[in-house]
Structures are given as structure tokens and as C-alpha cells.
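Working notes, structure below.
The values are calculated or read from the model by the stated rules, or taken from the named source; none is laboratory data. These figures come from a predicted structure and were not determined experimentally. Quick reminder, even Gly has a Cβ in these numbers, built from the backbone with ideal geometry, and neighbours come from all protein chains shown. These accessible areas exclude ligands, DNA and RNA; they are computed on the full protein's heavy atoms, side chains included. Shrake-Rupley method; radii C 1.70, N 1.55, O 1.52, S 1.80 Å.
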Amino acid sequence: MVSPHILQVALPVPLPIIFDYLAPQAAPDIPEGSRVLVPFGRKKMVGVVVGKTGHSEVPAGRLLAVLDVLDGGEPLLDTKLIELLRWCWMYYKHAPGEVIASALPPALRRAKGSLPGCVLHYSLTGEGAERLKEPAGRAPVQFEMLGALAAGPLSGTLLMGIGSQWRKTLAALMDQGWVESLPAPADRPQISPGPNLKLDQQKAVDPILASRGGFSCHLLDGVTGSGKTEVYLHAIEKVISEGRQALVLVPEIGLTPQLLRRFRSRLGLEPAIIHSGLAAGERLDAWATARSGRAALVVGTRSALFTPMPRLGIIILDEEHDASFKQQDGFRYSARDIAVKRAAELDIPVILGSATPSLESLRNAVEGKYIWHRLRERATDAPLPAWRVLDMRQQSTFHGLSAIALEAIGEALEKGEQVMVFLNRRGYAPVLMCQQCGWHGSCERCDAHLTWHRSMGRLCCHHCGAQKPAPLLCPECRADALTGAGEGTQQLEEALEKRFPRFPVLRFDRDRTSRKGVMEQQLEQVRKGDPCLLVGTQMLAKGHHFPAVTLVVIVNIDQALYSADYRALERMGQMIQQVAGRAGRMEKTGTVILQTLHPDHAALELLLSQGYEVYARWLLQERQLAGLPPAGYQALLRAEAHDRSLAENFLDDAARAFPPGETRVYGPMPAIMERISGRSRMYLVVQGASRSALHRQVDHWLPGLRKLPSARKVRWAIDIDPQEL
Ligand code: ADP
Ligand code: ZN
Ligand code: ZN
């Protein structure tokens, strides 16, 4: 028998290929998951071994050998994870090397990067403790760091906030012999008890805990404030106290400071945090602690899903309906779906939590594939908010706000309460236009208006990022007649400041909170509970608890009612429900005012009178009738080119080449927003009632597409289970 000495290596190139290399003679036994350095063309590249074989398609004489085995031959990814990633590249039909790369922190995608040695903790020496007894003297920052260490050893991450140069400060303290470093121990959680669970929370926790021996998927469907986080905490507590690890995925780390604080204080540990906003070194450290098993709890965004965790005991996805769990470019995967897959392969439970479950998860719950836990009351006994729909037809408005809404805002503020005004549009005005000739600012590269950011004096495209100075006179007719049409959050902020000068107005949108610390600072001010106005985009609808907010005004959601995207109504329902969920968290009843030009729209009426679940089930029925996901299955073949006809030609060729079977192909059609950054975007929809038939046909289809001459003139990609049209 020939021994399998040929290594199958995944390389980070956009090709649907795994490459064969000869194992080095000195070390023929390289395990799966190891990083290797290989020759590739004229370059060297880092790849990951994903298998072995005794036979290669490449003639023996032309097989190249691995140049080097990295990380001392220690495999970085375990076999289970490689298996999961293999499933991913087959299912999503994406280049294996790029799929594998997504499981490595960026620092390890290069040959230079290496697995950090042992993570260090820093602790006070006896002399350091003596030094602390003296006055701070001339090195207050050093003294502060010593003080921080007095309570016990800390990791570098926790020292980071001290002074502006914590590494230097730390080095100085170590030079003096006041601080020493030790290998970091595994997390030893110190759990503090939480509140006694309510009956429906207990009814969720019990079966989740009972299911620890194997795979099960739990849909934790609970309105905001119903105590879902408390359920997560109980599950995590149990899992980590047994020495296993927990993985929590959230939509956006920046929006979860409150959640992290709760994890820290209740579990008595520092979660390893993984997201794409981290510096390479920080991300590598967090990844390595998770991989070594020392981190009991890992919290991260979508990409943290692939973190190797040797003792993973539970996966939790918070806000599972959130669109950010689907990656929209490159390797277009659904972190939600893969989380369920990963749990199934590891035989562990997974919890999907949301106040507004996605139709996908709801359907699985209705069909009994997921265990459905409903929390319908608020854990604090706060009543659910009351709705008020304002018919905006023939209403005069003040910067988009009706007189009734303004009056209600004034009343709430006067009573010492907080008010939230929600508008999903940042900037000052969505359009700058000329009242004389009708000119309006539009992006040259996208099918979009330029948003007027008045304070910066600029026109910005929210799709491609293009910016230019806002003209003072009309570029077309030179009239001094430019004015903003419609409202953005900046305009609301300004208008509300004018109207309610005695109350602070805090704006929450990407423009405002991109500056470091602003988010935290504003949240802190809201937490104090004094009357104020919060103005913001969907950022306000995510994750936060605003107990003193008693009134929510939703300025305008009308675009969603008549969108060409069949998911628009689902998203609208989720957004309205999520925004409303922020109101009246304490003992006070909240009110939600919704301004619309379509107060009689059937969908809106159903949502407001029957609530999200009934609404979502109705949407599900509609999808069923149309054979649309999740009742049917879809893939998109996306193509883009500067010249629309090139994209169209390729898609026409592709449609003709689609293999016969029960899955059908429709199109080509333009994307809802056809032009972005100067490129025309078009797609074919592949749709059918059977997932396996769809995959079979698409698998037959793709190899031929790569050979089409028209394919070379476009950028194209396949998107399985697409979320955006
Ligand atoms: P969700 O995650 O569903 O929004 P949380 O778990 O954050 O809900 O709970 C909302 C509020 O209710 C929090 O302040 C939390 O501390 C409190 N809470 C949760 N469960 C209970 C309980 N069983 N008893 C008392 N208070 C609770
Ligand atoms: Zn003009
Ligand atoms: Zn643009």
C-alpha cells in the first residue's frame, strides 16, 4: 500500500481548488490543520493542510514539496473545525483557501505571524506592594498601574486603558522589580448569583441545561427586556462551571458594552473578545486564548464563529435575526446557519435569541426542528408599550415631525422622562435640491442621491463613500435656491434642539459615534436618567436598554411598505418592534408613535394590532404561497461590470447553461440598486422547493461557468441563501 504522503493544502487564492504538495521528507506526518509554507508560482504562500492522499492528479514529477512547516508542526485548527470549514466551502461553493483563511486571525495568514507563546499576566511583587504605601510622587501613571494590580494579577488587555503608553509604563514597573509576569492561568469564573428566574425563564433554562449532552437548537423568542440575557447567563454559568467553553455571537461589538459588563460582573471573568475592529495583535491574543482553552467565554461578531475552542460546550447567537450575521461579500456565509451546523457536529446545544426571530428560525420552530421558548412578559414586569399611529396625510410638519408628536415629546420631557426619535437616515437631508430648476445632487457612480451633511458642508454618497463640497449656488442654474429635501438625523437633532432648548439632544448614528468614546459617553448620560432626547438610526434599535425612555417616535418607515425586496416587510416589522422595545422598561408604560402616510396598510395594521409573531407567521404564509425562502431555496448568480451589457451577456450565457431539473433560473435582472461605485450589478435567481436539488444543479453548473468567455469580462460570484437583492 502507498502511504498517503501527498498533502492537500488550502491556499488563500480565489480558486475552487485544493493544491497538492509533497510532504517534506524529514517530517512526512504533518497533521491536518497545520500551517505550511509552500512555493506558489514565483511566490511563497502560507496554506493550511486540510487532508492527505496517496494519489494526485498532478504528475509525480511536477509535484512540489512543502518548504516549511510552521508553528513547530502544531496544527492550529482541529479536525472538527476543518470538517466544518470543508462543509462550508462545499455548501457555499466558495474557494476553500479563503474559507480556511477566515478561521485564522489576520496575523496568522502570513508566514511571519506566529502563534503567541503563553499569554502573560502581571502581578505585584512584594517590593511593588511596599512602593504603593508611599505617595504617588512624580510618576502618577505608574502609581495608578500599581494600584490596579493591588487587587490581583491582570492581563495586558486590562492594563491597556491606563495612561497613554501602558506598555512603557509596564516595562518601567518591571524594570524596578515592582511587577512580574506569570503565565496566565485558565479562567476561573467567579459566579455571582443573579435574580431568581421567572417561570417562563425557568421553562427555557431547564430544557437548555437538560440538553447539554447532545445537539439541540433553542429559539429563545422573547420581547426586549423579557430576560433573554438572564437565560444566556444561566446556560453559560453552568457550561463554564463544568470547565467547558461558551461562544456568544453578537451583531456588533460596539453596541454591546452593557452586555459585556453584565458578563464580566456576573461570571467574574474577562471574556475573550474577537471582532474585525481589533488590532492584529489583540485579535491574535484573544484567538490564541480561546484556542488554548484558557478563555471560558468568547464573545465576538460573525467572524468569531470559526474560533477554535477545544472544549466548546454551547453557542449562543444574540439578535439572531440581524442581517450582519450574513457576510455580504467574498465568502458569503450565514453565521447563524453555520453556528447551528457547528453545534450539531459538536453535539452541543445552540441558542438563537431574538425579540423578532427571522422567518427562517421561526419556520424551524413552527415545524418543531427548533425548541421554541417564548418569553412574552418583561422580566421587570414593565408593561409593553402602547401604539399610536399618526396619519401624516395633510399634516403640516416641523422637520418631519407632526404637531401631535411634538406635543407628546414636550409633555414627556416636562414630566422628566426621556424620549427617543428614530429615523433610519443619517446626515442632514437625503437630497440637496434647487427650488429654481429642480437640480439635485446625485452620485456619479451610484444610482443614489447624495446625502447633504450640512455641518461638514459636504455631499456624501452612503453607498460608495464618494464625497464632495456642497455647492452654495445651484451648479445648474446658478440660483441661490438650494435646499434640503427630506430629513436626516442631523436635521432632527438641530430642530429638536431649537424646539426644546432646555433639554439635551443626543444623536446616535454612524457619523456621531464613529469618534472614540462618544457612544459610551452618551450612553452614560442616558443612563443617569435625566430628561433628554435621543435621536438616531437603527443603532438605537440594537441591544441597548434605555429604562427611562417612555416615548418613542418613529419618524418614517414608509419606504419599506412598497419595496421591491421581498424581505423588506420582515425587516420593517423587526425594526419597528425592536425600536418599540426600548420604551418603558421600568414601571412606566411606554408609548410608541408611528408616523406614516399609509396608516391603513394591511401589514402595518396587522403588526401593530397583533404583534410580531402573528405578523411574522402571516409573512411566512405569503412566502409559502410564492415559494420564496424560507419556504423555498434560493441562490443568486451575481455579476457586475462597468458596462451593463457585459454583465447581462454573461448572465444570459449562464442562464442558458443551467442544468435541467426541478430548480429553475430566473433573470437576468438588475439589482434593486443597480449601480454602485460605477459598476452595474445584475443577477440571476436560482430558485426551487428542494435544497438538495438546488445544490446538485448548481454544483453541475459552476464548472462550466468558469469556462465561459463572457465570464472573463465581469466580476461574478455565487451567493447561496442570499439576503440582499
Ligand atoms: P433581554 O435580554 O430579553 O432584553 P434582560 O435579560 O436584559 O432581557 O432583562 C431585562 C431586565 O430585567 C434586566 O435589567 C435584568 O437584570 C432584569 N431581569 C431579568 N430577569 C429577571 C428576573 N428573573 N428577575 C428580576 N429581574 C430580571
Ligand atoms: Zn437650479
Ligand atoms: Zn456613490
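Couple of notes before you dig in:
- Gain upon complete extension [ALA136, ASN196; 0.36 nm per residue less C-alpha separation]: 17.2 nm
- With eigenvalues of the C-alpha gyration tensor scaled by 5 and rooted, region 62-151, Å: 48, 16, 12
- Placed amide H near VAL592: partners under 5 Å, 5+ positions off or other chain: ALA386, TRP387, ARG388, VAL552
- With every protein chain in place, the chain: carbon and sulfur % of accessible area (1.4 Å): 51
- Taking one quarter of the surface of the convex hull spanned by the alpha-carbon atoms of region 368-458 gives a direction-averaged projected area of 12.8 nm².
- With a cut-off of 13 Å on the backbone N, the residues of region 644-676 near the modelled label site 7 Å out from ALA689 along Cα-Cβ are 662-664.
- Counting only protein heavy atoms and a 1.4 Å probe, the chain has 44 square angstrom of accessible area per residue.
- Considering only the Cα atoms of region 345-504, their convex hull presents on average a projected area of 16.2 nm².
- Placing dummy labels 7 Å off each Cα toward the beta-carbon, the span from ALA60 to ALA148 is 6.1 nm.
- In plain terms, if you count all Cα to Cα distances in the chain and split them into 10 Å steps from zero, the share in each step is 3, 12, 20, 24, 22, 13, 5, 1, 0 percent.
- Calculated SAXS-style log₁₀ I(q)/I(0) at q = 0.20, 0.24 Å⁻¹ - region 423-462, Debye, Cα scatterers: -0.57, -0.79
- Using the Karplus relation 6.51 cos²θ - 1.76 cosθ + 1.60 with θ = phi - 60°, the per-residue 3J(HN,Hα) values for region 714-725 come to 10, 9, 9, 7, 9, 10, 8, 6, x, 10, 10, 9 Hz, with x marking Gly and Pro.
- At q = 0.15, 0.20, 0.24 Å⁻¹, base-10 log of I(q)/I(0) for region 624-725 (Debye sum, equal scatterers on each alpha carbon): -0.56, -0.96, -1.28
- Looking at region 326-422, the trypsin sites (Lys or Arg not before Pro) that sit in a DSSP loop and have at most 14 other Cβ atoms within 10 Å of their own Cβ are LYS369, ARG376, ARG393, LYS415.
- For the pair ASP653 and LEU473, a Förster radius of 60 Å applied to the C-beta separation gives a FRET efficiency near 0.80, rounded to the nearest 0.05.
- Three principal axis extents describe the C-alpha atoms of region 257-299; from largest down they are 28, 23, 10 Å.
- Here the mean projected area of the convex hull built on the C-alpha positions of region 128-200 is 7.6 nm².
- ³J(HN,Hα) computed for each position of region 210-218 - Karplus, 6.51 cos²θ - 1.76 cosθ + 1.60, integer Hz, glycine/proline x: 5, 8, 4, x, x, 7, 7, 10, 10
- Residues whose amide H falls under 5 Å from that of VAL431, counting only those 5 or more places apart or on a different chain, are TRP452, ALA485, with hydrogens built in the peptide plane.
- Taking the Cα centre of region 123-218 as origin and assigning +1 to Lys and Arg Cβ atoms and -1 to Asp and Glu Cβ atoms, the resulting dipole is close to 240 debye.
- Local electrostatic count at GLY147 - Lys and Arg +1, Asp and Glu -1, tallied over other residues with Cβ under 13 Å: 0
- When each of the peptides 466-479, 84-97, 684-697 is scored by how many other beta carbons lie within 10 Å of its residues on average, the order from highest to lowest is 84-97, 684-697, 466-479.
- Loop GluC sites (Glu not before Pro), region 203-288 (other Cβ atoms within 10 Å of the site Cβ: 15 or fewer; DSSP): GLU242
- Region 1-69 versus region 305-324: alpha-carbon centroid distance in Å: 31
- Each residue, ALA27 and GLN610, gets one label point 7 Å from its Cα in the Cβ direction; the gap between the two is 6.3 nm.
- Label reach from ALA280 (point 7 Å along Cα→C-beta): in region 133-173, amide nitrogens under 20 Å belong to 157, 167.
- Alpha-carbon centroids, region 452-527 and region 108-178: separation in whole Å: 42
- Where a label projected 7 Å from the Cα of LYS415 along Cα→Cβ would reach, residues of region 513-536 with amide N under 15 Å: 531-532
- Counting all C-alpha pairs of region 165-297, share separated by more than 24 Å (%): 41
- Computing FRET efficiency as 1/(1 + (r/R0)^6) for ARG393 and THR483, where r is the C-beta to C-beta distance and R0 is 30 Å, gives about 0.85.
- Computed from the alpha carbon positions, the gyration tensor of region 7-98 leads to an equivalent ellipsoid with semi-axes of 19, 16, 12 Å, biggest first.
- When only Cα pairs below 8 angstrom with a gap of at least 6 residues are kept, region 401-502 shows a relative contact order of 29 percent.
- Charge tally in the Cβ shell below 11 Å around GLU414, where Lys, Arg are +1 and Asp, Glu are -1, GLU414 excluded: -1
- Amide hydrogen neighbours beyond the local backbone of SER690, cut-off 5 Å, H modeled: TYR633
- Site pair GLU622 and HIS700 shows an inter-label distance of 3.5 nm when each label is modelled 7 Å from Cα along Cα→Cβ.
- When the alpha-carbon atoms of region 458-540 are used, the pair Rg, Dmax equals 16.1, 51 angstrom.
- In this structure, LEU260 and ARG188 have a Cβ-Cβ separation that, at R0 = 30 Å, corresponds to a calculated FRET efficiency of about 0.95.
- Binning the C-alpha pair distances of region 276-354 at 10 Å intervals from 0 yields a P(r) profile of 17, 49, 33, 1 %, listed from the shortest bin outward.
- Region 10-99: GluC sites (Glu not before Pro) in DSSP loop, at most 14 other beta carbons within 10 Å: GLU57
- For the set LYS341/LYS369; LYS198/LYS238; LYS228/LYS516; LYS198/LYS228; LYS52/LYS707, the pairs lying more than 22 angstrom apart at their alpha carbons are LYS228/LYS516; LYS52/LYS707.
- For region 141-153, 3J(HN,Hα) computed residue by residue from phi via the Karplus equation (6.51, -1.76, 1.60; θ = phi - 60°) reads 5, 4, 5, 5, 5, 4, x, 5, 7, 4, 7, x, x Hz, glycine and proline entered as x.
- Computed helical MRE - 222 nm, the chain, DSSP H runs ≥ 4 contributing -39500 (n - 2.57), nearest 500: -9500 deg cm²/dmol
- Shape summary: region 555-619 maps onto an equivalent ellipsoid whose semi-axes, from the alpha-carbon gyration tensor, are 21, 13, 11 Å in decreasing order.
- Cα-centre dipole for region 22-143 with unit charges at Cβ (Lys and Arg positive, Asp and Glu negative), debye to 20: 560
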